[in-house]
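Here the structure is laid out as structure tokens; the discussion comes afterwards.
The values are calculated or read from the model by the stated rules, or taken from the named source; none is laboratory data. Treat the numbers as computed from the prediction; the structure is a model and nothing was measured. Counting neighbours? That spans all protein chains shown, and the Cβs are built from the backbone with ideal geometry, glycine included.
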Amino acid sequence: MLRRSHAIGARYDFNGTEEIYFNIQKNMRNFGTAPWGQGSQAAFDYFKDVGRPETSWTYEAGLRSHHVFPGSFLSSLDAQINYYHVDFSNRLLSISTTVGGLGGGSITGGTSTLFNVGGVKTDGVDASITLGLGSIFSIYNAFSFNSSRYGSDYTDGTNVFATDGKQVPGSPKWMNKTMISANFGPIDAQIEGQYIGKRYATYTNDGVVDSYYMANARIAFDLAGYIPLEKASVSLNVTNLFDEKGASTISVGRPTASYATYPLAPRQWFLTFTAGI
């Protein structure tokens, strides 16, 4: 798929520890081969009249900070905050228009048609901080906020669907990730948790998937020096530590009433031995 972009950006380092930056970028994406698979002659003719390549203008600015505190309990601090705004034009939706496959076309098998829903406005903030606690512990925390809303209703040539002001489905407004790491010589351990906020599952926002919080853990032991190999380690990884139930992926394909989800994988254990000569 052809993409064209133009960008300008700059950064300024205040004193070696604080830096600001900005970026402005224009992108364009063409249709690829999608219009040729519209599913009917009427759908093709309609898209021929209203279809346009997607374009977007992205504006972002942020601040980065890095500090080291020798001899202190808090040995280092790294932080970043970033704001972005995106104006999309001629946003294209792929709508499943026929029943088929799993979930009535929500996953596979249904015929999809492209529709031009006009503009989408996105505003978001990403922020993160990493604290170094001596040479053993570190704590990382990051959050993300994203509000992406359609700017108008759309029509399939017959019906009008109320997408104006609705959140773009499949994308949570809030996400958070926390990681605690520890290093005790040959032993390395980590535990992380990830929060995924509520997500809409249809273009008119009448389908909703609940939020979830999932944790993973890892512990590894460096065997170099204990066995006759230059590089060797053994690690135990546990995914979905507390066996959280929820939807991992949402298959969005209908304006209203119907959607499909893939569930989170259950708790899994992985024991891995790695060696190098």
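This table checks each residue for (1) touching a residue at least 60 places away in the same chain (Cβ under 8 Å); (2) closer than 25 Å to residue 176 by Cα.
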position	(1), (2)
217	no, yes
225	no, no
235	no, no
240	no, yes
243	no, yes
260	yes, yes
263	no, yes
272	no, no
> Of the numbered conditions (1) modelled with pLDDT of 95 or more; (2) buried (at least 16 other Cβ atoms within 10 Å of the Cβ), residue 182 satisfies every one except a single condition; which is it?
Replying inline: (2)
> What tally of residues in segment 245-277 results from selecting those that are outside any loop (DSSP other than H, G, I, E, B) and farther than 21 Å from residue 199 by Cα?
Replying inline: 9
>> Among the residues that make up segment 189-204, is at least one of them of a type outside the set (Phe, Trp, Tyr) and on the phi > 0 side of the Ramachandran plot?
In response: no
> From the set of residues in segment 130-167 that are under 30 Å from residue 68 (Cβ atoms) and among the small types (Gly, Ala, Ser), which is surrounded by the fewest Cβ atoms within 10 Å (Cβ to Cβ)?
Replying inline: 135
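What do you reckon, is residue 170 of a type outside the set (A, V, I, L, M) and modelled with pLDDT under 95?
In short, yes.
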> Hey, among the residues in segment 48-67 that are farther than 25 Å from residue 121 by Cα and either within 25 Å of the chain's Cα centre (by Cα) or free of Cβ contacts under 8 Å to residues at least 24 places away in the same chain (or both), which one's surrounded by the most Cβ atoms within 10 Å (Cβ to Cβ)?
Replying inline: 64
>> Quick check on segment 206-244: of everything there that is part of a loop (DSSP other than H, G, I, E, B) and touching a Ser or Thr at 6+ places or on another chain (Cβ under 8 Å), which residue is surrounded by the most Cβ atoms within 10 Å (Cβ to Cβ)?
In response: 207
> Taking residue 108, is it modelled with pLDDT under 75, crowded, with 16+ Cβ neighbours inside 10 Å and β-branched (Val, Ile, Thr)?
Replying inline: no
> When residues of segment 245-258 are filtered for being surrounded by 17 or more Cβ atoms within 10 Å (Cβ to Cβ) and without any contact (Cβ under 8 Å) to a residue 24 or more places away in the chain, how many remain?
Replying inline: 0
>> Take residue 203 and tell me if it is aromatic (Phe, Trp, Tyr), buried (at least 16 other Cβ atoms within 10 Å of the Cβ), farther than 30 Å from residue 133 by Cα and in contact (Cβ under 8 Å) with a residue 40 or more places away in the chain.
In response: yes
>> With the structure loaded, tell me whether residue 120 is modelled with pLDDT of 65 or more and either farther than 30 Å from residue 144 by Cα or buried (at least 18 other Cβ atoms within 10 Å of the Cβ) (or both) or whether it fails that test.
In response: yes
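Identify the residue in segment 142-195 that is of a type in the set (D, E, K, R) and closer than 24 Å to residue 267 by Cα and, among all such residues, is nearest to the chain's Cα centre (by Cα).
177
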> Picking from 209, 168, 160, 234, which residue would you name as being hydrophobic (A, V, I, L, M, F, W, C) and farther than 30 Å from residue 259 by Cβ?
Replying inline: 234
